[in-house]
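In what follows, a structure is listed as structure tokens, so that the remarks can point back to it.
The values are calculated or read from the model by the stated rules, or taken from the named source; none is laboratory data. Since we're looking at a predicted model, the values are computed, not measured. All Cβ positions, glycine included, derive from the backbone under ideal geometry; neighbour counts span all protein chains shown. We work out accessible area using only protein heavy atoms, side chains counted, and drop any ligands, DNA or RNA first. Shrake-Rupley method; radii C 1.70, N 1.55, O 1.52, S 1.80 Å.
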Amino acid sequence: MIEKMRKYSFFIFEPEYSAFLQKLKDLGVVHIQNNTDPKEIERIKVINEELDDLSRLKSRLTTIASNYPLEKDQSHEDIPHEGIDETILGDYTRFIDAVNRIDERIRGLQKELSHYHQQYRELEAWGDFDPALISKITRAGYSIQFWTVLKSQFNPEWEELYDLEVIATAGRSIYFITVSRDSKVHDLEYAEEITLPDTSLSELQVAIDTLKAQLKTEQGKLAYLASHTHILDVEEIRLKNEYKLDNAYYQGNRLYDDNLVILEGWVPEPKATNLEHSLDTLDIAYTELEYSKTEDVPIELKNNRFTRAFEPLVKMFSLPNYNEFDPTPFIAPFFMLFFGICFGDAGYGLLLLIASTLFKPKVKPSAKPILELVQYLGLAGTVIGFFSGSFFGIELVKVPFLASIRSFFIDSENMMVISLALGMIQIIFAKYISAFKKKSQSGLSASLSLFAWPTLIVMLLILLGLPALDITLPSWIEYTLWGIAGLCILLALLWNSPGKNIFLNIGKGLWDTYNVASGLLGDTLSYIRLFAIGLTGAILGQVFNSLALQVTSGVAWYIAVPVGLIILLLGHTINFGLTMISALVHPIRLTYVEYFNNSEYEGGGEPYNPLNELSLEDDEN
């Protein structure tokens, strides 16, 4: 359900405004009414930019920490980090400065290392010679030139014309030198003269190894710092608290030469009494305001434990607005049933239930609601999968010790009927929700035609469906139902737009009849995929079981067992993954498209976000 809200207006003198906001923050229950878009406030823009930079830095450091190669039984705490002052781990500014300095050194070392690698590649073909020897020969009056040329362009006559020595052949190129007296310089067509580094290969290798060691040391320091992102979390909380307080400060309306500030906010009804008592104690002037249905009232959902587990599905789409119903209690049981039918295997469902139950106590508070949802879905998969007759691809109807309950298993034909029946029920239910919403917003008269359509569908299903099942109703009940159906037709055709021209009503009624008839058929048929997805998963499980038996048939047990286990493990892992995706995607589609469309769900609600002091624990939640 949607928590009822109260709207208040607070009156504060400007000199006391900041202190008042701090008191509101301590109370932690008032959702500040935005009179100005926070994105248009310069101070808020700056904070948002800082939060964006912080988010990017946190993501980058997390990647660095996860990619740093740790040795066996080594943690990031064990990474050598000599030269790092441990006190910076408690000072955000110094921490960021240290990260930037190390990052800059790493980039410099990487650039220098790249340069040395390039020199090494240029010198590698010539071998490890001493450049001092070349200098000595040059001083003796000889000129040595280094050349490279494509094999196809090498002229053998050069060997006769010049003192030429081929040093190496690598790939498509030939590397050679020419020696001449009296510093004579040759000019060879197609050949490219090379200027070599004034160092040897062995010296370059030493330099490269030294740089690599320095680079590893700096990368270790950065990885060590990257594993201590707690300080970034603290800074993020500080910025978020600053955002809330600054936004509240700029949302006040200033009157009388800015001497008086009027601030408006929303409070959940159960918390309103405590707020008023606190404000009276603090001698703060306030008044409760009336608000119209067109105002954007913040939304806080209040549901029981079972329903609350399904709230992420609603929030992922959109929160309801204040003038409609919270859809969570209405979609929860349907979504659970749809998932169970799609999952279609008790073994997979049991695996999901056990895994989510084991991991739930170990995860962060923010992940617990998701795992609780998975628990319910796993339970649905286990129960419905069992009665569907599948356990890790084993057909339970063929298991001898289950023969006494064989009649309880649901065959594929009945499962298809159940899927369509559930679809029809959800669509009719959605139309009733739409009618009740209209009644709540505009009154009974405006909603009568909306009540008429689902009621007419129910009457026709009873009157036409029961005889098909050889069920005969007493005449007086049958006449009563036909009378209700006739009344529904009249309401749908003549009362769909109360107060307007009757011919306009008739025209709109006929158009609605076409839309309802065509939409009902198409929407209902969408639910047949529930049965198809569940059947596909069960069949694939059987296929992998059969494949394991066929491959290992006639093979020695010590070969059959490991091979069979590998086939079963891989096959059922693939099937589990595919089934899991399908069992989530299609029920979500049915909820967002079929149910929300037929219930005329509007959404667009703004979440209740009170001015309060955030902590790391709150951020994790």
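Which numbered condition trips up Asp128, out of (1) out of contact with any Ser or Thr (no Cβ under 7 Å at 6 or more places or on another chain); (2) at negative phi?
Answer for Asp128: the failing condition is (1).
For segment 203-221: of the residues being within 36 Å of the chain's Cα centre (by Cα) and closer than 26 Å to Tyr120 by Cβ, which is least open to solvent (accessible area, probe 1.4 Å)? Give the steps one after another, and end with the answer.
Start the filter on segment 203-221 by keeping residues that are within 36 Å of the chain's Cα centre (by Cα), which leaves 215-221.
Subsequent filtering for residues that are closer than 26 Å to Tyr120 by Cβ retains 215-220.
Details: Leu215: 21, Lys216: 127, Thr217: 68, Glu218: 23, Gln219: 69, Gly220: 1 Å².
Per the stated criteria, the residue is Gly220.
Condition test on Leu535, is it touching a helix residue (DSSP H, G or I) at 6+ places or on another chain (Cβ under 9 Å), in a helix (DSSP H, G or I) and open to solvent by 80 Å² or more (accessible area, probe 1.4 Å)?
No; evaluated as a whole, the condition is false for this residue.
Can you spot a residue in segment 536-554 that is of a type in the set (A, V, I, L, M) and either within 25 Å of Leu487 (Cβ to Cβ) or modelled with pLDDT under 80 (or both)?
Looking through segment 536-554, none of the residues is of a type in the set (A, V, I, L, M) and either within 25 Å of Leu487 (Cβ to Cβ) or modelled with pLDDT under 80 (or both).
Leu353 is checked against (1) under 23 Å from the mean Cα position of the chain (by Cα); (2) open to solvent by less than 60 Å² (accessible area, probe 1.4 Å); (3) touching a residue at least 40 places away in the same chain (Cβ under 8 Å) and fails just one. What number does that condition carry?
It is condition (3) that Leu353 fails.
Go through segment 322-343 and count every residue that is open to solvent by 40 Å² or more (accessible area, probe 1.4 Å) and either within 17 Å of Ala421 (Cβ to Cβ) or of a type in the set (A, V, I, L, M) (or both).
Residues in segment 322-343 being open to solvent by 40 Å² or more (accessible area, probe 1.4 Å) and either within 17 Å of Ala421 (Cβ to Cβ) or of a type in the set (A, V, I, L, M) (or both): 2 in total.
Within segment 83-135, work out how many residues are surrounded by fewer than 15 Cβ atoms within 10 Å (Cβ to Cβ) and in a helix (DSSP H, G or I).
Within segment 83-135, the first condition is being surrounded by fewer than 15 Cβ atoms within 10 Å (Cβ to Cβ), and the residues that meet it are 83, 85-87, 90-91, 93-94, 97, 100-101, 104, 107-108, 110-111, 114-115, 117-118, 121, 124, 127-133, 135.
Now drop any that are not in a helix (DSSP H, G or I), which leaves 86-87, 90, 93-94, 97, 100-101, 104, 107-108, 110-111, 114-115, 117-118, 121, 124, 131-133, 135.
Counting residues in segment 83-135 that are surrounded by fewer than 15 Cβ atoms within 10 Å (Cβ to Cβ) and in a helix (DSSP H, G or I) gives 23.
Glu49 passes all but one of (1) surrounded by fewer than 12 Cβ atoms within 10 Å (Cβ to Cβ); (2) modelled with pLDDT under 90; which number fails?
Looking at each condition in turn, Glu49 falls short on (2).
Please enumerate the residues belonging to segment 535-569 that are under 30 Å from Ile341 (Cα atoms) and β-branched (Val, Ile, Thr).
Thr536, Ile539, Val543, Ile566, Ile567
Taking segment 266-286 as the search range and keeping residues that are in a strand (DSSP E or B) and either in contact with an Asp or Glu (Cβ under 6 Å, 6 or more places away or on another chain) or modelled with pLDDT under 90 (or both), which one is surrounded by the fewest Cβ atoms within 10 Å (Cβ to Cβ)?
Applying the filter and picking the extreme gives Ala285.
Answer yes or no: is there a residue in segment 376-392 that is on the phi > 0 side of the Ramachandran plot and not aliphatic (A, V, I, L, M).
Checked against the condition, which is being on the phi > 0 side of the Ramachandran plot and not aliphatic (A, V, I, L, M), segment 376-392 yields at least one hit.
Could you list all residues from segment 389-402 that are within 19 Å of Gly571 (Cβ to Cβ) and open to solvent by 30 Å² or more (accessible area, probe 1.4 Å)?
Within segment 389-402, Phe391, Phe392, Ile394, Glu395 qualify.
Can you report the number of residues in segment 8-41 which are part of a strand (DSSP E or B) and either surrounded by fewer than 19 Cβ atoms within 10 Å (Cβ to Cβ) or out of contact with any Leu (no Cβ under 9 Å at 6 or more places or on another chain) (or both)?
3
Quick one: in segment 52-72, which of the residues that are farther than 16 Å from Ile102 by Cβ and in a loop (DSSP other than H, G, I, E, B) is least open to solvent (accessible area, probe 1.4 Å)?
Here the answer is Leu70.
Out of all the residues in segment 176-230, which are in a strand (DSSP E or B) and β-branched (Val, Ile, Thr)?
Hits for segment 176-230 are Ile177, Thr178, Val179, Ile194.
In segment 581-607, which residue that is over 15 Å from Leu313 (Cα atoms) and surrounded by 19 or more Cβ atoms within 10 Å (Cβ to Cβ) is modelled with the highest pLDDT?
Filtering first and then ranking leaves Ser582.
For the subset of segment 146-187 comprising residues that are farther than 12 Å from Trp126 by Cα and polar (S, T, N, Q), which member is most open to solvent (accessible area, probe 1.4 Å)?
So, considering only residues that are farther than 12 Å from Trp126 by Cα and polar (S, T, N, Q), the one most open to solvent (accessible area, probe 1.4 Å) is Ser152.
Can you confirm whether Pro369 is under 18 Å from Phe310 (Cβ atoms) and touching a residue at least 60 places away in the same chain (Cβ under 8 Å)?
So Pro369 passes the test.
Tell me, which residue of segment 443-470 that is farther than 18 Å from Leu481 by Cα and exposed (fewer than 13 other Cβ atoms within 10 Å of the Cβ) is modelled with the lowest pLDDT?
Looking at the filtered set, the residue picked out is Ser445.
Residues in segment 365-375: is at least one part of a loop (DSSP other than H, G, I, E, B) and open to solvent by 30 Å² or more (accessible area, probe 1.4 Å)?
no
Could you look through segment 30-78, keep only residues that are free of Cβ contacts under 8 Å to residues at least 24 places away in the same chain and of a type in the set (A, V, I, L, M), and pick out the one that is farthest from Glu290 (Cα to Cα)?
Leu70
Only one of (1) in contact with a helix residue (DSSP H, G or I) (Cβ under 9 Å, 6 or more places away or on another chain); (2) at pLDDT 85 or above; (3) closer than 30 Å to Gln251 by Cα fails for Lys39. Which number is that?
It is condition (2) that Lys39 fails.
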